[in-house]
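First the structure, in the form of structure tokens, and then the observations on it.
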Amino acid sequence: MDILWIKAAHLAGFAGCVLASGAKNLLLRARRIEGAGLARLVALDKVSGLSALVILASGVAMAGWLGRMPGEAAGLGLLATKVAVFVLASGAVLTTKPVLRRARQAGVLIPDRGLRLRLGFDFGAVLCIALLGLWLVHGLA
């Protein structure tokens, strides 16, 4: 029964990441973000960060503590790829934290190409990780 709660948390984490990351990328289409838009961007950033922590904790619980590691080499390769993409996406998002902190203090964000690319990569990576997870569960489990 515990595994169902952990799987539900894992899926909820992905849902939170996908929705928050997608919404952040929509907000970043503007040339200038301030006021309520900037507050939404900061809140969405917190939601995606919390969601990533839920994904990490529930993933570790499934893989390690509950012994849910794939038995096949292909499954282990997919899991390793999923973890590597997660680490890269998390690293990309962490580089945006100082930018958002400074923007919140200044009250305005003028998104540059680098910020858009890093957060766009994060959105694509979250989708990729989710698809790899589905493939792992349904194709190799």
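The values are calculated or read from the model by the stated rules, or taken from the named source; none is laboratory data. Please read all numbers here as calculations on a predicted model, not as lab measurements. So basically every Cβ, Gly included, is an ideal-geometry build from the backbone, and we count neighbours across all protein chains shown.
How about segment 31-41: which of its residues are of a type in the set (A, V, I, L, M) and out of contact with any strand residue (DSSP E or B) (no Cβ under 9 Å at 6 or more places or on another chain)? I'd like the intermediate steps shown before the answer.
Start the filter on segment 31-41 by keeping residues that are of a type in the set (A, V, I, L, M), which leaves 33, 36, 38-39, 41.
Ala36, Ala39, listed by residue number.
Condition first: outside any helix (DSSP H, G or I) and surrounded by 15 or more Cβ atoms within 10 Å (Cβ to Cβ). Now tell me which residues in segment 2-33 satisfy that. Walk me through it before giving the result.
Just the residues of segment 2-33 that are outside any helix (DSSP H, G or I), to begin with: 28-33.
Within segment 2-33, Leu28, Ile33 qualify.
Suppose the filter is farther than 26 Å from Ala103 by Cβ, surrounded by 12 or more Cβ atoms within 10 Å (Cβ to Cβ) and modelled with pLDDT of 90 or more; does Ala39 pass it?
Answer is no for this residue.
Right, Val93: within 19 Å of Ala39 (Cβ to Cβ), at pLDDT 95 or above and either hydrophobic (A, V, I, L, M, F, W, C) or surrounded by 12 or more Cβ atoms within 10 Å (Cβ to Cβ) (or both) or not? Full working, then the answer.
On the way: within 19 Å of Ala39 (Cβ to Cβ): yes; at pLDDT 95 or above: no; either hydrophobic (A, V, I, L, M, F, W, C) or surrounded by 12 or more Cβ atoms within 10 Å (Cβ to Cβ) (or both): yes.
Spelling it out, it is not the case that Val93 is within 19 Å of Ala39 (Cβ to Cβ), at pLDDT 95 or above and either hydrophobic (A, V, I, L, M, F, W, C) or surrounded by 12 or more Cβ atoms within 10 Å (Cβ to Cβ) (or both).
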Inset, instruction - Please identify the pairs in which a residue from segment 114-129 that is over 17 Å from Ala84 (Cβ atoms) and small (Gly, Ala, Ser) has its Cβ atom under 8 Å from the Cβ atom of a residue that is in a helix (DSSP H, G or I) and modelled with pLDDT of 95 or more, counting only partners at least 6 apart or on another chain. - result: Gly120/Asn25
Legend entry - In segment 109-141, residue modelled with the lowest pLDDT [restricted to those that are surrounded by fewer than 17 Cβ atoms within 10 Å (Cβ to Cβ) and more than 18 Å from Ala23 (Cα to Cα)]: Ala141
Inset, instruction - Kindly list the number of the only condition in (1) of a type in the set (Asp, Glu); (2) touching a Ser or Thr at 6+ places or on another chain (Cβ under 8 Å); (3) within 23 Å of Val137 (Cβ to Cβ) that fails for Asp2. - result: (2)
